[in-house]
1. For region 139-182, enumerate the residues that are free of Cβ contacts under 8 Å to residues at least 40 places away in the same chain and on the phi > 0 side of the Ramachandran plot.
2. The conditions are (1) more than 21 Å from F167 (Cβ to Cβ); (2) open to solvent by less than 60 Å² (accessible area, probe 1.4 Å); (3) modelled with pLDDT under 95, and G115 fails exactly one of them. Which is it?
3. Restricting the search to region 83-106, which residues are open to solvent by less than 50 Å² (accessible area, probe 1.4 Å) and either touching a strand residue (DSSP E or B) at 6+ places or on another chain (Cβ under 7 Å) or part of a strand (DSSP E or B) (or both)?
4. Kindly indicate the residue of region 1-34 that is open to solvent by 50 Å² or more (accessible area, probe 1.4 Å), of a type in the set (A, V, I, L, M) and in contact with a helix residue (DSSP H, G or I) (Cβ under 9 Å, 6 or more places away or on another chain) and also farthest from I107 (Cα to Cα) among those meeting that condition.
5. Go through region 35-61 and report how many residues are aliphatic (A, V, I, L, M) and open to solvent by less than 10 Å² (accessible area, probe 1.4 Å).
6. Which condition breaks for L66 when tested against (1) of a type in the set (A, V, I, L, M, F, W, C); (2) surrounded by fewer than 20 Cβ atoms within 10 Å (Cβ to Cβ); (3) under 18 Å from S108 (Cβ atoms); (4) at pLDDT 95 or above?
7. Name the single residue that is nearest to F157 (Cα to Cα) among those in region 91-122 being among the β-branched types (V, I, T) and out of contact with any Asp or Glu (no Cβ under 9 Å at 6 or more places or on another chain).
8. Please tell me if G172 is open to solvent by less than 40 Å² (accessible area, probe 1.4 Å) and in a loop (DSSP other than H, G, I, E, B).
Amino acid sequence: FISHYGDCVEHGDNNGDKVEWLRADSAFKIIEDPITTQLPFGIPFSVCVGNHDQSPNGDPNGTTTLYNQYFGSTRFSNRNYYGGHYGSNNDNHYELFTVNGYNFIAISLEYDEIGNSTVLAWADALLKTYANRRAIITSHFLLDIKGNFSAQGLATFNTLKNNANLFLILCGHIGGEAQRTD
């Protein structure tokens, strides 16, 4: 399973010729190819919405039209690992997959500077519904370079930390590496 941390493109919906989205689409088609991967749907994956995938940049209340055109539920709905999404688009979604007898749920959360409590309640309900699966949360920006939570990271952690199946939270956004154990 591949978790992409977001920022598929630099200019979100302000990408007039869509060349950035076409390049992202072509790159992901490589891992989706059933012939080269020898898997019916290719390698299972998810793509988070990063701040550069939103228009205006970093506005979760803005638009993600091109993200949803290229990485929306239509792309994933016929795949056996796609679980579904929150709301009317694929900005927040989840996947269910199994590796070597271990069952997982991977939840992808859209970049949000503060953390949307309604979306986090949805994620919490998923973790409870799929309590028998090992849980991975991925979002674009949850930690800074020193390992301190962003506002969204802290809201995410505080809302979801009491789920015994949650064992891994992943993010990107900041160059370099940071980690924490809680």
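The values are calculated or read from the model by the stated rules, or taken from the named source; none is laboratory data. If you're wondering where the values come from, they're calculated on a predicted model, not measured in any experiment. Virtual Cβ from ideal backbone geometry, glycine too; neighbours counted across all protein chains shown. For accessibility, only protein heavy atoms count, side chains too; no ligands or nucleic acids. Shrake-Rupley method; radii C 1.70, N 1.55, O 1.52, S 1.80 Å.
1. Scanning region 139-182 gives G147, G176.
2. (1)
3. If the condition is that a residue be open to solvent by less than 50 Å² (accessible area, probe 1.4 Å) and either touching a strand residue (DSSP E or B) at 6+ places or on another chain (Cβ under 7 Å) or part of a strand (DSSP E or B) (or both), then G83, G84, N92, H93, Y94, E95, L96, F97, F104, I105, A106 are the ones that fit.
4. L22
5. The number of residues fulfilling the criteria is 2.
6. Looking at each condition in turn, L66 falls short on (2).
7. I114
8. yes
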